[in-house]
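Take a look at the structure below.
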Amino acid sequence: MKTVKKISLVLLVIFVAIQFYRPEKNSAQGDHTQIFLAETNPATELRVVLEEACYDCHSNNTVYPWYNNVAPVSFWLAYHINDGKKHLNFSAWDDYSVKKKDHKLEEVIEMIENGEMPLKEYTWTHESARLTSEQREAIVAWAQKTRSLYQLNEIPQ
């Protein structure tokens, strides 16, 4: 029984100690997705869907839930955000080449069609990120249309 108490005490001390170390927050000022929105021109309804279902992990600005203030959850969220931005960052759209933009949209289509995005872990706590079949179809149609414009070089760079 003493061993269990010692282990519990050590774990409690570790838990309290990690509360003082926080990962850097993902928070951009201003209109960080302006170039992406101007260039790809999603419909107003689709812009709202992208904001609610995608931007927290795929842009330079995350709206953090209250539980982000508790470690180790804060580290887990930071990892997911950094990983999401590594794959696609709407705030860095201007930094992508036309070929890369086309490829990113191809990946968006694939992930949405396969139901891989948004992540299940994200939709558990973000009800507005649970996409309906109509929203999924709208994202796919918009991405396909935008890809065709990139492929035809009809979107000015």
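Among the residues of region 62-103, those identified as buried (at least 18 other Cβ atoms within 10 Å of the Cβ), under 17 Å from Gln34 (Cα atoms) and not charged (D, E, K, R) are Thr62, Leu88, Asn89, Phe90, Ser91, Trp93. If you go through region 146-154 one residue at a time, do you hit one that is modelled with pLDDT of 90 or more, of a type outside the set (Phe, Trp, Tyr) and exposed (fewer than 14 other Cβ atoms within 10 Å of the Cβ)? Yes, there is a match, as at least one residue in region 146-154 is modelled with pLDDT of 90 or more, of a type outside the set (Phe, Trp, Tyr) and exposed (fewer than 14 other Cβ atoms within 10 Å of the Cβ).
Count of region 18-36 residues, restricted to those that are surrounded by 12 or more Cβ atoms within 10 Å (Cβ to Cβ) and at pLDDT below 85, is 2.
Do we find that Trp142 is buried (at least 20 other Cβ atoms within 10 Å of the Cβ), of a type in the set (A, V, I, L, M, F, W, C), assigned to a helix (DSSP H, G or I) and in contact with a Phe, Trp or Tyr (Cβ under 9 Å, 6 or more places away or on another chain) in this structure? When the stated conditions are applied, Trp142 does not pass them. Can you find a residue in region 46-59 that is touching a Phe, Trp or Tyr at 6+ places or on another chain (Cβ under 9 Å), of a type outside the set (Val, Ile, Thr), surrounded by 13 or more Cβ atoms within 10 Å (Cβ to Cβ) and at pLDDT below 90? No. Just one of the numbered conditions (1) in a helix (DSSP H, G or I); (2) surrounded by 11 or more Cβ atoms within 10 Å (Cβ to Cβ); (3) at pLDDT 90 or above is not true of Phe15: (3). When Ser148 is tested against (1) part of a helix (DSSP H, G or I); (2) within 17 Å of the chain's Cα centre (by Cα); (3) closer than 17 Å to Leu37 by Cα, just one condition goes unmet, and that condition is (2).
The values are calculated or read from the model by the stated rules, or taken from the named source; none is laboratory data. Predicted model, so just to flag it, every value in this text is computed and none were measured. Quick reminder, even Gly has a Cβ in these numbers, built from the backbone with ideal geometry, and neighbours come from all protein chains shown.
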